[in-house]
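Okay, structure first, notes after.
No lab work stands behind these numbers, since they all come straight from the coordinates. Worth saying up front: this structure is predicted, and the values here are computed from it rather than measured. Reconstructed Cβ throughout: ideal geometry from the backbone, glycine too, with neighbour counts over all protein chains shown.
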Amino acid sequence: MTRRAPTGAALLQPGVTKAITDAVLAEWAEQGYARLSMESVAKRAGVGKSALYRRWPSKQEMAMAVLADFSVALAATPDTGSLRGDLREALDSVLTWLTDPSFSRIMPDLAAEATRNPELCAFMKNMIGTPRRERSAVMLHRAVERGELRADVDLELLQDLLAAPVYWRLSVRGFPVEPTYLDDLTDLILRAVTTTGSA
């Protein structure tokens with residue numbers, strides 16, 4: 001799915017774009033996607049609705065473009081020189097993403113909406129999931145080239161392991177994620193996928 005590029009007028013006003021972005025995230029977190037509207041975002045950002053429509057043709061494209069920009073920017077591609085260091089930094093970035101005050105409230109709503117809205121689900125996959133995974137894949141391919149990661153490791157499954165346990169602990173179990181949890185998770189992943197079979 002192709003994102004609509006902002007017009008020249010939009011690109012000339014980065015301050016306005018920042019105000020709109022902040023307003024979208026705040027309104028979505030407070031009101032939910034169903035009650036999110038171009039009008040409420042424009043009012044909160046202190047701009048006219050035309051400023052929004054110059055950037056996006058619909059609420060759905062506005063919401064997903066803003067959320068994608070926010071989410072992909074937080075997808076780490078660490079290059080610490082070791083697989084363990086890279087994995088640990090990647091897990092930190094996942095935690096930062098999932099515990100953001102606005103996103104932590106948006107994520108459950110987004111997941112629920114996506115089950116009812118196939119187009120929104122496609123936006124979420126193509127604009128957030130795929131770009132984030134492409135970034136983490138760079139880190140994993142480097143580890144394969146260094147000989148730290150087995151060449152036969154399922155990289156798709158490994159990328160699931162970089163986010164799923166943190167999400168499950170936070171959102172499903174409602175437990176905090178301490179640094180020791182991330183350290184232990186890093187070592188567990190390493191034992192499963194490294195060429196030596198141990199951290």
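Any idea what log10 I(q)/I(0) is at q = 0.08 Å⁻¹ for the chain, Debye with uniform C-alpha scatterers and no solvent?
Log10 I(q)/I(0), no solvent term: -0.32.
Does the stretch 122-199 come out rounded, prolate or oblate by the C-alpha gyration tensor, with a ≥ b ≥ c the root eigenvalues, rounded set by a/c under 1.5 and, if not, prolate when a/b is larger than b/c and oblate if not?
Since a/c reaches 1.5 but b/c is at least a/b, the shape of the stretch 122-199 is classed as oblate.
Determine the sum of side-chain charges near SER37: Lys and Arg each +1, Asp and Glu each -1, restricted to other residues whose C-beta is under 12 angstrom from that of SER37.
+3
With runs of 4+ DSSP H residues as the only contributors, calculate the mean residue ellipticity of the chain at 222 nm using -39,500 (n - 2.57) per run, divided by the residue total and rounded to the nearest 500.
-19500 deg cm²/dmol
Tilt of helix 103-116 relative to the longest C-alpha principal axis of the chain, in degrees (0 to 90, nearest 10)?
80 degrees
Fewest Cβ neighbours within 10 Å first, please rank MET38, MET62 accordingly.
Result, fewest neighbours first: MET38, MET62.
Roughly speaking, what % of Cα-Cα pairs in the stretch 8-57 are separated by over 13 Å, rounded to a whole number?
Beyond 13 Å sits 51 percent of the P(r) for the stretch 8-57.
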